[in-house]
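Report on the following structure.
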Amino acid sequence: MLFQKYIDEFKRDIQNVDDKNIKFQELQIRLEKAEELVDLYENVQSDLEVITDINEESLVERALFEKEYYKAVADARSILQTTNEQSVKSTSSQPDSERVRGIKLPQISLPNFDGNYVS
């Protein structure tokens with residue numbers, strides 16, 4: 001089954017994220033693609049069920065595929081969410097002076113006060 005092969009590959013990609021073999025941005029793209037493909041899968045599967053006799057084996061196979069799909073998507077979202085949270089924490093833990101390092105502000109000359117209220 002074509003869709004099953006894609007999900008198997010997607011699950012391997014999720015496992016490889018921890019090994020840094022796959023980038024988090026790539027995982028995000030693969031997650032979006034998997035979400036698009038499941039819609040196509042559901043349409044094709046529904047059409048097949050309409051034109052053929054539905055047997056118990058087909059229903060079990062479809063349920064197993066959907067279970068694997070939803071687990072893979074949940075794992076991918078969890079990894080992406082954890083990565084985003086860690087990114088926010090590392091950015092917010094830096095002092096402001098470190099985040100804006102390298103920015104030179106213009107010099108401001110202050111007026112001299114000679115003690116006279118009128119001037």
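Restricting to segment 19-46, count the residues that are modelled with pLDDT under 85, among the acidic types (Asp, Glu) and not in a loop (DSSP other than H, G, I, E, B).
Selection size over segment 19-46: 1.
Under 7 Å between Cβ atoms, at least 6 apart or on separate chains: pull out the pairs that start in segment 69-82 with a residue that is farther than 11 Å from LEU31 by Cβ and end on any residue that is in a helix (DSSP H, G or I) and of a type outside the set (D, E, K, R).
TYR69/ILE7; TYR69/VAL38
Looking only at segment 21-46, filter to residues that are of a type in the set (A, V, I, L, M, F, W, C) and surrounded by 12 or more Cβ atoms within 10 Å (Cβ to Cβ); which one of those is farthest from the chain's Cα centre (by Cα)?
If we filter segment 21-46 for residues that are of a type in the set (A, V, I, L, M, F, W, C), which is where we start, we get 22, 24, 27, 29, 31, 34, 37-38, 40, 44.
In the following step, the residues that additionally are surrounded by 12 or more Cβ atoms within 10 Å (Cβ to Cβ) were identified as 22, 24, 27, 31, 34, 37-38, 44.
On the way: ILE22: 12, PHE24: 7, LEU27: 6, LEU31: 7, ALA34: 12, LEU37: 17, VAL38: 17, VAL44: 27 Å.
The qualifying residue farthest from the chain's Cα centre (by Cα) is VAL44.
Based on what the data block shows, is ASP39 without any contact (Cβ under 8 Å) to a residue 24 or more places away in the chain and either under 17 Å from LEU2 (Cβ atoms) or among the hydrophobic types (A, V, I, L, M, F, W, C) (or both)? Break it down into steps so the answer makes sense when it comes.
Details: without any contact (Cβ under 8 Å) to a residue 24 or more places away in the chain: yes; either under 17 Å from LEU2 (Cβ atoms) or among the hydrophobic types (A, V, I, L, M, F, W, C) (or both): yes.
The answer is yes for ASP39.
Out of the residues in segment 47-73 that are surrounded by 10 or more Cβ atoms within 10 Å (Cβ to Cβ), over 24 Å from ILE14 (Cβ atoms) and not hydrophobic (A, V, I, L, M, F, W, C), state the one that is modelled with the highest pLDDT.
Among them, the one singled out is ASP47.
The values are calculated or read from the model by the stated rules, or taken from the named source; none is laboratory data. Small disclaimer: the values here were computed from a predicted structure and weren't measured. Note that each Cβ is placed from the backbone with ideal geometry, even for glycine, and that neighbours are counted across all protein chains shown.
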